[in-house]
Amino acid sequence: MKKVIIEKSGGIIRVKINRPEVMNACDGETYDAIADAWEELEGDPDLRVGIVSGEGRAFCVGTDIKWVKSPDAEGFVDRLYPRMLTLTKPVIAAIHGHCNGGGLEQALAADIRVCSEDAHFGSGEVRLGWIPGGYGTQRLPRVIPLGPALELLYTGGRIDASDAYRLGLVNHVVPADQLMEKCEQIASEITKCAPLAVQKMKQVVMQGLDMPLTQAVRLEKEYFEWLMRTEDSKEGALAFAEKRAPNWKGK
């Protein structure tokens, strides 16, 4: 049985963690397969956006604790998270059930998070004598307010879907049977947009967050001027004037 199921169509790559017997806890093979999928998303011009989800009762409960004690686990945090840090294409996390530890870190690495009403979230590494190794200490306080982030990190506690929405951790909370439909809808809207513009949008936002405002706006101007010289920029204006769907070329 494949530990990660990959499906591609309509410019979307769908990555499903498939270890339901351990609530999608990830071992090295699983982390590698997810990282390979994101490498494919980045490198294939026909792929525009990714959706990551989990099979069974959980999105992902993090790293497989039994596996992490093995010699093969050395450096496991370097298998997936550096790849997600440099992605220039959007990823949507479809979250249901448990989203804890490394599972939360994978969700935090996504650009848009949608969860079902039964979802709950936590960062329990401190209860194992660890700290997050997949950038959770850095991403969580950048997504939700500092106080709630520190409480989750210090206590290893959990929050439910309604609190996650209130804090801004997730964009939408939907019934479980509408979770993938909502994610597909968002992904489809992204694929209608100019691919280079979406990529540059992600880059300028993510890079700009770590820059002083004066430097960040210069970066925005640089990317804006670069995009205005592309074929897609001309096609977008022409298609709007002609009241038709644009034919994006990624050039």
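The numbers here are math on the coordinates, done by the rules we state, and not lab data. Since this is a predicted model, take the numbers as computed values, not measurements. Please note: Cβ atoms are built from the backbone with ideal geometry, for glycine as well, and neighbour counts cover all protein chains shown.
Between Ala237 and Leu150, 0.36 nm times their residue separation minus their Cα-Cα distance comes to what?
Numbers: separation 87, 0.36 × 87 = 31.32 nm, distance 4.60 nm.
26.7 nm is the gain from fully extending Ala237 to Leu150.
Longer than 20 Å from Cα to Cα, which of Lys8/Lys192; Lys8/Lys200; Lys8/Lys251 are they? Say none if no pair is. Walk me through the numbers on the way to the answer.
Working: Lys8/Lys192 16 Å; Lys8/Lys200 23 Å; Lys8/Lys251 22 Å.
Exceeds cut-off: Lys8/Lys200; Lys8/Lys251.
Can you compute the equivalent ellipsoid semi-axes for segment 53-114, i.e. the square root of 5 times each eigenvalue of the Cα gyration tensor, sorted largest first and rounded to whole Å? Before the final figure, lay out each step's value.
On the way: eigenvalues 87, 57, 10 Å².
The three semi-axes for segment 53-114 are 21, 17, 7 Å.
Positive end of the dipole of the chain, charges at C-beta (+1 Lys, Arg; -1 Asp, Glu), about the Cα centre: which of Val143, Ile17, Pro82 has its Cα farthest in that direction?
Val143
Taking neighbour counts of Cβ atoms within 10 Å as a proxy for exposure, in what order, fewest first, do Ser116, Ser70 appear?
Details: Ser116 22, Ser70 12.
Listed from fewest to most nearby Cβ atoms, that is Ser70, Ser116.
For Asp160 paired with Leu128, estimate the spin-label separation in nm (one decimal), with each label point 7 Å from Cα along the Cα-to-Cβ line.
The answer from the label model is 2.6 nm.
Straight-line reach from Lys3: which lysines fall under 24 Å, measuring Cα to Cα and dropping same-chain residues less than 8 apart?
Partners within reach: Lys16, Lys66, Lys69, Lys89.
Tell me, Val126, Val204, Val4, Val170 in order of fewest to most beta-carbon neighbours within 10 Å?
Result, fewest neighbours first: Val126, Val204, Val4, Val170.
For the chain, what's the relative contact order in percent, using C-alpha pairs closer than 8 Å and at least 6 residues apart?
Numbers: 450 pairs, mean separation 38.1, N = 251.
The value is 15 percent.
Between Glu21 and Arg229, what is 0.36 nm times their sequence separation minus the Cα-Cα distance? Round to one decimal in nm. Intermediate values should be presented prior to the final figure.
Working: separation 208, 0.36 × 208 = 74.88 nm, distance 5.12 nm.
This chain segment gains 69.8 nm when fully extended.
Amide H of Val52: which non-local residues (sequence gap of 5 or more, or other chain) have their own amide H closer than 5 Å, using H built in the peptide plane?
Val15, Ile92, Ala93, Ala94
For the pair Ala176 and Thr86, what calculated FRET efficiency results from E = 1/(1 + (r/R0)^6), where r is the Cβ-Cβ distance and R0 = 25 Å, to the nearest 0.05? Mind dumping the intermediate values first?
Numbers: r = 32 Å, r/R0 = 1.29.
The formula returns an efficiency of 0.20 here.
Positive end of the dipole of the chain, charges at C-beta (+1 Lys, Arg; -1 Asp, Glu), about the Cα centre: which of Gly236, Met1, Ala194 has its Cα farthest in that direction?
About the Cα centre, the residue reaching furthest to the positive side is Gly236.
Under a Cβ-only charge scheme (Lys and Arg +1, Asp and Glu -1), can you give me the dipole magnitude of the chain about the Cα centre, in debye to the nearest 20?
Numbers: 31 positive and 36 negative charges, 105 e Å.
Once rounded to the nearest 20, the dipole reads 500 debye.
Between segment 171-243 and segment 84-162, what's the alpha-carbon centroid distance in Å?
24
Counting only helical runs of four or more DSSP H residues, what would the 222 nm mean residue ellipticity of the chain come to if each run contributes -39,500 (n - 2.57) and the total is spread over all its residues? Walk me through the numbers on the way to the answer.
Numbers: 11 runs with 112 residues, N = 251.
Here the helix-only value at 222 nm equals -13000 deg cm²/dmol.
When the Kirkwood hydrodynamic radius is evaluated over all pairs of different C-alpha atoms of segment 4-191, what value in angstrom, to one decimal, is obtained?
In segment 4-191 this quantity evaluates to 16.3 Å.
Order these by the 10 Å Cβ neighbour count, fewest first: Arg113, Arg127. Mind dumping the intermediate values first?
Numbers: Arg113 26, Arg127 12.
With the fewest neighbours first, Arg113, Arg127 line up as Arg127, Arg113.
So how strong a dipole does segment 195-241 carry about its Cα centre when Lys and Arg Cβ are +1 and Asp and Glu Cβ are -1, to the nearest 20 debye?
Details: 6 positive and 7 negative charges, 13 e Å.
So the magnitude is around 60 debye.
Can you list the residues of segment 132-149 with backbone N under 18 Å from a point 7 Å past the Cα of Leu213, pointing along Cα to Cβ?
No residue qualifies, since no backbone N sits under 18 Å from the label point.
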